[in-house]
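Read the figures in this text as sums done on the coordinates, not as results from a lab. Only a predicted model underlies this, so the values are computations on that prediction, with no experimental measurement involved. Reconstructed Cβ throughout: ideal geometry from the backbone, glycine too, with neighbour counts over all protein chains shown.
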Amino acid sequence: TRAELARRTLGLLDTYMSLSEPAYALENVAFFSRLYNRRDRFKEIGYPDAWETMFYGRPEFEPCRQARIAAQDAVWTQRKETLAPEARELYGDGAGFALNITHGLVKYRRDRPLAETLKRSTTATMARGEHEPFQVVIGAMEQPVRNAHVTVEWDGPGPHPEVTLRPVGYVETKPDPDNYAEYVGWWPDPLMPSGAVDVAEWETQPVWGTLRATAQTSPGRHQATVTVSADGMEPLQGSLSVDVLDFDLGLTHLPSLLSLRLQSIKSFYKLDDVPQDIRRRWYAFCLDYRMNPNNIYSRDWIPAEEDLDFCIERGFNAMVMTTGNLRTTTRNSTENLQIWTSEDNATYTAIPAGWSLSHSPDGDIVIGGLDLTARYVKVHSLAEDDKYEFSFKTLESGNITALDGEAEHTGPVGWVSPDDGTKPLRSFGANWGAALDYQRTSLGVDLGQSRHVTGLVLHSAMNSTLERAKEFYEVAQRHGMGDKAYIYGFDEWRHVEQYGDIKATYDLLRSVAPGIKASSTVVYPVDPIKDTIDAWCPALCYDYPGYKQARQRGQEVWYYAGGAPYDPFPTHELLDVPAVEARAFFWPAWRYQYSGWLHWELNIWSNNMSGDKRWPEVPWDPARGGVRNGEVGRIYPGPDATPLPSIRLENMRDGIEDYDYFWLLQDAVNKLDTAGPERARLQKLIDGTIAELCPSRAHFTRDPGRVLQIHEQLGRELEKLLRVQ
């Protein structure tokens, strides 16, 4: 409620100055700074009174924020005086650098001294089948640190948890008007291949560790020595304690509809195709992070049937293909379409009126009465609204046919938007679709050479989509996924007057695939589609009463984060936010019993593929379209077509593992005597801890220590309960 939002945020604002750990305090400063910056956006989504109270009614907020930032800068400045004595007191007079061993819920600035109070050890608690991160943070002092290596050596006989060590990489961010970040500059995110690191004078370099307890890992306490050695300096040692709980976390119970782009892999690595060994490498990687390697924007669904059982064995739990609007269009006409031609795809000339346009029963657009000669022929829409009216299957060759009497010619299809008719076509041959009449899109064909053209046929996706949907559902049924087969479409449609098209499309699809589940991020759960959509997927910030009613009708309600508004909602999309946000995004899944989560991309690297060189030879651009740092993906392209994780991806997995802890504990509690005190105690624990982690969709626990404490508490209760059962 507005009152709750105001009360909670004011309470946080009154207390955040007292936080003791500089790194954590700084992350809270960033949170409140971003709240302040986004105050107008949150007025728009329904909290005007609360935001007036918080910001215009509290003029001391901005000076307080500036004072806190200045205080943190002072801490960094003073750290040059305090870091070396602290390191030598903890590690001995010979310490040539500082060492801090901690968890994965804090991010470190590379270009500042190590500000956090140094700790020689950290403890992790995990189940078998679970992953847990930690960080070994190297802080250079008066001298740079060269060729630093981190090793972890277990005490006593195993089998012990597996350990992977990766240096934390940094990417340079850009100013983002949708996110008032703590700073603009080098932020930690990619986890690089294992190797030595160099740390410049008075800078900081974390090495990320990932623990994995396998089915063979012994339950109980595992102790390890962490050693950091560097050229010309005494090695420093700390300790790592891992408590392995005596139960198996198993595969995830939280389904996901995502977008792993095989096209990005193909383009980045300059491959002719993505062979099965590389596909499966990426599929297994995603599933290891409890995320499905599917693609909500592809009619050629992944994993293909030849890879499906491989993925199901590793936890794949939701199939998806996409659909466009399959209603036969009657809107396109000679009044709102133009024909443009070019010989070089640079200079375009409009063709005068006098040609004709009709629509075939299958939805094709048929243009006749032309008499032109050109290599490139473009159909341009004059519509200025955002209504989808015509959809291609893909931009690949064959979907526009040029007629010369009885002769037919075709070639790669291109697309450009926005356009006034004069702009060059691009994206020729892409395997994704395009719509005509959406943001003035133009579609055209490269005929390969100058040809005489008397007519054009723009082939609709209707028949091909129906054929693919039928095949998709049959494949799902053959592999036991018939009840987990979704068709996604109508991305964020908000014009209710167009919702009849949604119903007509899904009715057509069900005529050939009767058991598929219609899923969509369509905004409003109203007639005529309230009984059409099987899986609604609103953004986390939407909480319309219609979604509660959809649950009551037996429909699924998923959720997603994609684009602004971000604050105060947690996001995994941005990299220039506190680390806990990527984990906290998954707590609402349990608190509000969402059926699954959706995201529109995992690896859309389109702005990192220009030129011959590839990252890391050239800097990584994290901001697609110049804003939203991190939107281009959670997964980075590693050497030899190997995926690299990120800090966000690691914390996302931890958030999904939090969900699975709640799921397993609730499942075990449901088997207890309904009248017994133990059931009541454990139910109170479940309800109380999730409410503490996630008081509302827009609020979440930001204290890393408390997050880890709750996770351990749930795990130990689950271990005891499963042992008894």
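Some points to look at:
- Order by protection proxy (mean Cβ within 10 Å, highest first), peptides 629-635, 353-359: 629-635, 353-359
- Whole-Å distance, taken between Cα centres, linking region 668-719 and region 538-614: 23
- Protection proxy ranking of 570-576, 397-403, 670-676, 296-302 - average other beta-carbon atoms within 10 Å, highest first: 570-576, 296-302, 397-403, 670-676
- Bridgeable aspartates and glutamates around LYS517 (alpha carbons under 13 Å apart, same-chain partners fewer than 8 residues away excluded): ASP483, ASP507, ASP531, ASP534, GLU556.
- Here the chain is treated with +1 on each Lys and Arg Cβ and -1 on each Asp and Glu Cβ, and its dipole about the Cα centre works out to around 1140 debye.
- The chain: relative contact order in percent, alpha carbon pairs under 8 Å with at least 6 residues between: 13
- TRP493 long-range amide H proximity, modeled H, under 5 Å: VAL522, VAL523
- Once backbone amide H atoms are built at 1.01 Å from N, GLU234 has GLY96 as its partners under 5 Å, excluding neighbours fewer than 5 places away on the same chain.
- In the chain, a dipole from Cβ-located charges (positive for Lys and Arg, negative for Asp and Glu) runs towards its positive end, and of VAL379, VAL724, PRO616 it is VAL724 whose Cα lies farthest in that direction.
- Theoretical gain in end-to-end length, ASP507 to GLN593 [0.36 nm per residue, Cα-Cα removed]: 28.2 nm
- Residues LYS470, LYS548 arranged by fewest to most Cβ contacts within 10 Å: LYS548, LYS470
- Residues whose placed amide H lies under 5 Å from that of GLU203, excluding near-sequence neighbours: ALA140
- Estimated [θ] at 222 nm from DSSP helical runs (n ≥ 4, -39500 (n - 2.57)) normalised by residues in the chain, nearest 500: -9000 deg cm²/dmol
- Region 460-478-region 620-660 distance, computed between alpha-carbon centres (Å): 31
- Across LYS119/LYS720; LYS484/LYS530; LYS423/LYS503; LYS470/LYS530; LYS107/LYS684; LYS530/LYS684, pairs whose alpha-carbon gap is larger than 27 Å: LYS119/LYS720; LYS423/LYS503; LYS107/LYS684; LYS530/LYS684
- Compared with the dominant Cα axis of the chain, that is its longest principal axis, helix 276-288 is turned about 50°.
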